[in-house]
Amino acid sequence: MSGRQTNWAGNVTYGAARLHRPGSVERLQDVVAGSGRLRALGTRHSFNHIADCPDGDLVSLENLPASMDLDTVRRTVTVSAGVRYGELARWLHGKGYALHNLGSLPHISVAGACATATHGSGDSNGNLPTAVAGIEMVTADGEITVLTRERDGDRFRGAVVGLGALGIVTRVTLEVLPAFEVRQDLYENLPWAGLEDHFEEIFSAAYSVSLFTGWRGPQIDQVWLKRRVDGLGDGWEAEPRWLGATLAETELHPLPGMPAVNCTRQRGVPGPWHERLPHFRLDFTPSSGEELQSEYLVPRRDTIGVLRALDRIRDSVAPVLQVSEIRTVAADDLWMSPCYGQGAVALHFTWKKDWPAVSRVLALVEEALEPFEARPHWGKLFVARPERVRSLYERLPDFQRLLGAYDPAGKFRNAFVDDYVFGEDPR
């Protein structure tokens, strides 16, 4: 590997001595079989060391042939693991189909996003891996293994959010639905009292809802409502005032003062699902990477208590924050998903790129959230003790056994997996 590789934000330098870019699945099988320690490197949008492998190899799937195969009978699409959501969405929409959900960034890979339980938004929408119906992966012996929801049941539910620790995923099968259109309307300056009094009304007002705040005062700066305009949403019109907030008259970026040119269309203009559900357009890089990110998912029942706890420390949070997003996610049955068994509220923080300052504030945030059993996003920054994180996942013992069955020698384990899954150093 020529020079050390870094993640997208530049805050992580990977320690592996070798980076493999196989051009075929057969070559990938050889790489896996011949490696002692190995981790997959996706689009590098993780902010921690979950993908690192200082004592082994990294493998990128960027040179594998891209493939997208639609099954209109089963209503699924099977894609090569390195395909980005934005690329898949455009292709899928051209065939008349859609995914149920998309993250705020369409730039992330399908396999990487699913392996870390990456988000989406909506009261009735599960996160991205809940659409997975099957996975194909190269396991520790170099052989190909396929797991499906229909055939493998509980084992499949343990493998989908696999943290890269079961094998190198090569293909993912996702459930699809007919294509639909969405309109996006933004409101500004929602009073804090309006949020507390009307939380359920706000988050049930659209197919996907996001709130943005800088935690600088008693208000939510922006409310993004993404409404379906097919049979589920016909006839709705945005009122000039709503729960004390004002309808935005111009297009906005989540960060105050930033130009909205790289954001998806707003002001109620209907458009294809894949051009409205993300916050940012695939054709634009949303930022230069000058940021750090954290995200915590808390049980929905605790929302108001959580928001009050964070509001009490806003004077510490605001100075190191760029913006914070609040959204809801439906419950799922995936063992290592932060939404396992519970509908959740996601609290996302985009920080200034100052890790010493951010780490100090994260300690305060996590102390405020501790009574609410907040589960941190697997691919973002947190400072919680490993034993605390492990205690939040009731199916963790089952997941440990599943990893032992597929990777008994720990080929796909690294320090992150050792700490937050096993709580031990196997070497």
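The values are calculated or read from the model by the stated rules, or taken from the named source; none is laboratory data. Just so it is clear, the structure is predicted and the values come from calculations on it, not from any experiment. Glycine gets a Cβ as well: all are built from the backbone with ideal geometry, and neighbour counts include every protein chain shown.
Mind listing whichever residues of region 220-253 are at pLDDT 85 or above, of a type outside the set (A, V, I, L, M) and either touching an Asp or Glu at 6+ places or on another chain (Cβ under 7 Å) or in a strand (DSSP E or B) (or both)? Passing the criteria: 221, 222, 224, 226, 227, 228, 241, 242, 246.
Could you tell me whether residue 392 is surrounded by fewer than 19 Cβ atoms within 10 Å (Cβ to Cβ), modelled with pLDDT of 95 or more and touching a strand residue (DSSP E or B) at 6+ places or on another chain (Cβ under 6 Å)? Write out each step before concluding.
On the way: surrounded by fewer than 19 Cβ atoms within 10 Å (Cβ to Cβ): yes; modelled with pLDDT of 95 or more: yes; touching a strand residue (DSSP E or B) at 6+ places or on another chain (Cβ under 6 Å): yes.
Yes.
Apart from one condition, residue 377 fits all of (1) modelled with pLDDT of 95 or more; (2) over 30 Å from residue 401 (Cβ atoms); (3) not β-branched (Val, Ile, Thr); the exception is (2). Just one of (1) touching a Lys or Arg at 6+ places or on another chain (Cβ under 8 Å); (2) assigned to a loop (DSSP other than H, G, I, E, B); (3) under 23 Å from residue 313 (Cβ atoms) fails for residue 336. It is (3). For region 120-142, filtered to residues that are among the polar types (S, T, N, Q) and closer than 12 Å to residue 329 by Cα, the residue that is modelled with the lowest pLDDT is 121.
Condition first: part of a helix (DSSP H, G or I) and not hydrophobic (A, V, I, L, M, F, W, C). Now tell me which residues in region 164-219 satisfy that. The answer is 194, 196, 197, 200, 201. Residue 362 meets each of the listed conditions (1) within 24 Å of residue 128 (Cα to Cα); (2) surrounded by 22 or more Cβ atoms within 10 Å (Cβ to Cβ) apart from (1). For residue 337, the conditions (1) surrounded by 15 or more Cβ atoms within 10 Å (Cβ to Cβ); (2) within 28 Å of residue 191 (Cα to Cα) all hold with the exception of (2). Given (1) of a type in the set (Ser, Thr, Tyr); (2) assigned to a loop (DSSP other than H, G, I, E, B); (3) at pLDDT 95 or above, where does residue 145 come up short, assuming only one miss? Among (1) of a type in the set (Ser, Thr, Tyr); (2) assigned to a loop (DSSP other than H, G, I, E, B); (3) at pLDDT 95 or above, residue 145 violates only (2).
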